[in-house]
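The values are calculated or read from the model by the stated rules, or taken from the named source; none is laboratory data. Every value quoted in this text rests on a predicted model; they were computed, and no experiment measured them. Note that each Cβ is placed from the backbone with ideal geometry, even for glycine, and that neighbours are counted across all protein chains shown.
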Amino acid sequence: MKRLKEYLVKIVDNRGKNPNYKNIAKYPVIDNVLIKNTLYPDLNSVNRYIDEDTYQKFLRGYVHKNMPIMTLVGNGIGNVTLSPSNDVAIVQNTIGFETNEFCNEIYLYYYFINSQEMIKSFDRGSGQPSIKKTDILDMEVDFPNVKIQKLVADFLYKIDWKIELNNKINKNL
């Protein structure tokens, strides 16, 4: 068994920083309410954006397409999704996980999805639910080799992608 942090290159953590938001700009902000244990957040529901200057100068870290992101504070603690593109931002109470060559990022997303009970047990909040980043990073994990991770992740991703497409079709009927 290893700790999750041994599979990570970096954590994207812009907590403690709250930029000036725009009603419309280049970079949608993935707020906690958009992270719902779905493959990708619904970008049509984005309420806040940041401009290029804020994106470049204000944020400490950036997410990339298919990077797992997780909510640490609020009623959705432990909820995860994948970043839908390189051109989105995360800010307060949300972190992103960039993995090393021994962990597939989409596999990590599914690992988090299937570990919701354990993740939610890390709740330390009294007024509102809250998870410490260190509790997540110190989770003991037992991952198969990266080739198997990729096979599992690709299989599950294809199923979820098809479900997501069918849901979009159903909304338009």
task = Report the residue count in region 62-89 for those that are farther than 28 Å from LYS158 by Cβ and touching a Lys or Arg at 6+ places or on another chain (Cβ under 7 Å).
result = 2
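Among the listed residues LYS147, LYS162, LYS158, identify the single one that is over 23 Å from TYR40 (Cα atoms), part of a helix (DSSP H, G or I) and of a type outside the set (A, V, I, L, M, F, W, C).
On the way: LYS162 fails: over 23 Å from TYR40 (Cα atoms); LYS158 fails: over 23 Å from TYR40 (Cα atoms).
The unique qualifying residue is LYS147.
Residue by residue, here is whether (1) in contact (Cβ under 8 Å) with a residue 40 or more places away in the chain; (2) under 20 Å from LYS120 (Cβ atoms) holds:
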{"site": "ARG15", "(1), (2)": "yes, yes"}
{"site": "ASN20", "(1), (2)": "no, no"}
{"site": "ILE24", "(1), (2)": "no, no"}
{"site": "THR38", "(1), (2)": "yes, yes"}
{"site": "TYR49", "(1), (2)": "no, no"}
{"site": "ASN66", "(1), (2)": "yes, no"}
{"site": "GLY74", "(1), (2)": "yes, yes"}
{"site": "LEU82", "(1), (2)": "yes, yes"}
{"site": "GLU98", "(1), (2)": "yes, no"}
inquiry  = Out of the residues in region 47-73 meeting the condition of being basic (Lys, Arg) and at pLDDT below 90, tell me which one is farthest from ILE24 (Cα to Cα).
reply    = ARG60
note = Expected output for region 111-129 (first residue without any contact (Cβ under 8 Å) to a residue 12 or more places away in the chain, partner surrounded by 14 or more Cβ atoms within 10 Å (Cβ to Cβ), Cβ below 6 Å, 6+ apart or cross-chain) is ARG124/SER130
request  = Specify the residue that is farthest from the chain's Cα centre (by Cα); the eligible residues are those in region 59-98 that are closer than 19 Å to ILE148 by Cα and crowded, with 21+ Cβ neighbours inside 10 Å.
outcome  = MET67
message = Any residue at all in region 121-137 that's loosely packed, with under 15 Cβ neighbours inside 10 Å, over 21 Å from ASN18 (Cα atoms), at pLDDT 95 or above and within 11 Å of the chain's Cα centre (by Cα)?
response = no
